[in-house]
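To start, the structure under review is shown below, and the notes come after it.
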Amino acid sequence: MYWYRVYGERLASDVPLPEARPASAGEPSWTFRQPAGAPARVDARLLGSQDLYPGCGARLYRTPSGLRVVVDDTGTYDLGPDGHDIAWYPSADSTPDFGRAHLLGRVLATSLHFRGALVLHGSAVAYDDGAAIFLAPKHTGKSTLALALTLAGARLISDDSLA
């Protein structure tokens, strides 16, 4: 098991997350795993959707056992009833980088939102002595700026969602 600090809380993961800050083992706020197989078929009620880029979207569902986030290019994330247990079922054409990015942004932000946290639309990068956060409407360059700063030495905190 790998341990990380994310959104000021502890995440236990059976998948390495090189983008996240390592943490000591302890009581996790979230447990992330990647089980074999496909997600269970369940009755689900659509709560919302978002177009990410042409031909790719994300949808949030309420299921009998919690929440489900489906991202067309990445796969399905099932969140348990309290949002603490998260399982990722990658789609056949997904990449690990996108899977981790959606977990650290959209999926954990969804969990935090349903636990009562304020979640904002934005991106953030970290430096040794602080962080920079970009809040703005869609398609205004937040992700592009965050990427440029990571290429210049910053560490990505989150893209698209901030708690």
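Let me check something: with ligands and nucleic acids excluded, how do Phe134, Phe114, Phe32 order by accessible area (1.4 Å probe), largest to smallest?
Details: Phe134 40, Phe114 95, Phe32 5 Å².
I get Phe114, Phe134, Phe32, largest accessible area first.
Please identify, among Leu120, Leu47, Leu103, the residue showing maximal mean-square fluctuation in a Gaussian network model of the chain using a 10 angstrom Cα cutoff. Per the Cα network of the chain with a 10 Å cutoff, Leu47 tops the list. Only protein atoms count toward the accessible area here, which uses a 1.4 Å probe; on the chain, the carbon and sulfur part of that area reaches 55 percent.
For the chain, a Gaussian network of Cα nodes joined below 10 Å ranks Pro18, Pro54, Pro64 by mean-square fluctuation, and the top entry is Pro54.
Heavy-atom accessible surface of the chain, averaged per residue, reaches 55 Å², computed with a 1.4 Å probe. Modelled spin labels at His121 and Ser24, positioned 7 Å past Cα toward Cβ, are 4.0 nm from each other.
Considering only Leu79, Leu156, Gly99, and ranking their Cα positions along the charge dipole of the chain that arises from unit charges at the beta-carbon of Lys, Arg, Asp and Glu, the one farthest toward the positive end is Leu79. Just checking the listed ones, Arg106, Arg62, Arg115: in the Gaussian network model of the chain with Cα springs under 10 Å, the one fluctuating most is Arg115.
The values are calculated or read from the model by the stated rules, or taken from the named source; none is laboratory data. Every value quoted in this text rests on a predicted model; they were computed, and no experiment measured them. In this analysis, Cβ positions are derived from the backbone assuming ideal geometry, glycine residues included, and neighbour counts consider all displayed protein chains. Just so you know, the surface numbers come from the protein's heavy atoms only, side chains and all, with ligands and any DNA or RNA stripped out. Shrake-Rupley method; radii C 1.70, N 1.55, O 1.52, S 1.80 Å.
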